[in-house]
Amino acid sequence: MENRGLVPVMMAVTGCAAVVVGVYQGLVHVAPGYEGTIVSGWGGDLSHQEVLLAQLGVVGVGGAVAALRWKRLASVPFAMGGIVLFYALRAVFDLFRSPGRPLYREFSPQAPGFEGETVVFVLGAEPFLLAGGALLLIGSGIAGSKLRTPAEGGDEVTPPSSQA
């Protein structure tokens, strides 16, 4: 029994798990050593984008499993990983461009309770887990495209054609 076919599936499952865990983490945190916490504006439910990212990870796993039979479907986890990676990079880029919430620089927020105190925001675990999961999904698509499907086996002997 050949287990090489399970490598892309396990990569996709691990990538999906990283994405699902990542959407439950924070995008930005207050740096250690500074006073303050970030309070989200909602009651802790996932946003529409975060639910969509988790669903894309699940679709990537389905594509990796289907690629064991149909090689062309190895593009599904590749595409899903690309979308998740694009989202993570876009979110981090937008945070670095944001003038109201600078990352890795001290600033004094204009909020009640911060009478001249400074705070530093740093990236949380979410972008790193999303990017890692996305790269695993992309790797799963690449590994799945290099596998031989049962139709490409070529090990069976074809009977000679009969001439009448």
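Laboratory data are not the source of any read-out in this text; all were calculated from the coordinates shown. Given the structure is predicted, the values throughout are model-derived calculations rather than measurements. With ideal geometry, Cβ positions are generated from the backbone for all residues, glycine too; neighbour counts draw on all protein chains shown.
Quick look at the values:
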item	result
Amide H contacts under 5 Å for Phe107, placed H, 5+ residues apart	Val119
For Ala125, distant residues with modelled amide H under 5 Å away	Gly26
Spin-label pair Val7/Arg105, simplified geometry with 7 Å Cα→Cβ offset, distance in nm	4.5 nm
